[in-house]
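Just dropping this structure here.
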Amino acid sequence: MNIAVILAAGSGKRLGGDTPKQFVTVGPKMVIEYSIEQFQQHPDIDEIAVVTSADFMDIVNGIKANPAYSKLKTVLLGGAERYQSSLAAIRHYACQPEAVLLIHDAARPLVSRQIINDVLAMMKTHNAAVVAIPATDTVLCSQDHRCVTEIPLRSQMYYAQTPQAFRQKTIQQAFEIGLKDDQFNPTDDGGVVLRYLPNEPIAIVKGESVNKKITYQDDLSWFSSQIKND
């Protein structure tokens, strides 16, 4: 079974305003609905789950009631941190250890069918796969946030996108190990597998520049222009 898990519990503070970016209306619908629609329309996605905050549970349940989103079967309560929302979905599907979970940011509304195709194809031979695009800028590392301590080779650097896909039993095992670590506070699900299951290969799936995350007001304007052009 292929299950799209859409994370929509973030507060979106960098966007400004009182409404998180995933619930801002652009054109005829909210940003999150565009993301749901991409997975709804994909023939190989069997089910969709949305993880959201208590404040927006009613809105997501309203979306769930829309017949156009018939694959949206589950609405889960997320946490203050992103990893807590991922974990809520991972544990919800514990009874389906062989299921493929495609964990996706609600604020990436232009994920394409091709990306989903490629992720699902990669998951036929792997237990973990992440979408990414090659870095176009030099990446600087700084341990003290004041001076450069390392400049990695740009040819080896990638910008991560979503969805990130995992066999349920794989990502759950990684999280359960990580939760025993006092320093556990990840910002990326793939990073949990990399750190706590170091022998598990994580495949890279080619992303797309339009599969960008809406973070700032300029991103909303860009997204609005994309919708109008379509």
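The values are calculated or read from the model by the stated rules, or taken from the named source; none is laboratory data. All of these numbers come straight from a predicted model, not from anything done at the bench. Positions of Cβ are backbone-derived with ideal geometry, glycine not excepted, and every protein chain shown enters the neighbour counts. Remember, those area values only see protein heavy atoms, side chains included, never the ligands or the DNA or RNA. Shrake-Rupley method; radii C 1.70, N 1.55, O 1.52, S 1.80 Å.
Quick one: in the stretch 91-114, of everything that is under 13 Å from the mean Cα position of the chain (by Cα) and not in a strand (DSSP E or B), which residue is surrounded by the fewest Cβ atoms within 10 Å (Cβ to Cβ)?
Among them, the one singled out is L110.
For the stretch 192-204, what are the residues that are part of a loop (DSSP other than H, G, I, E, B) and farther than 17 Å from Y159 by Cα?
Residues satisfying the conditions are L197, P198, N199, E200, P201.
Here's something else I'd like to know. Go through the stretch 83-98 and give me each residue that's closer than 18 Å to I202 by Cβ and in contact with a strand residue (DSSP E or B) (Cβ under 8 Å, 6 or more places away or on another chain).
Result: S86, I90.
While we're on this one: Provide a single number: the residues in the stretch 205-230 that are open to solvent by 90 Å² or more (accessible area, probe 1.4 Å) and part of a strand (DSSP E or B).
1
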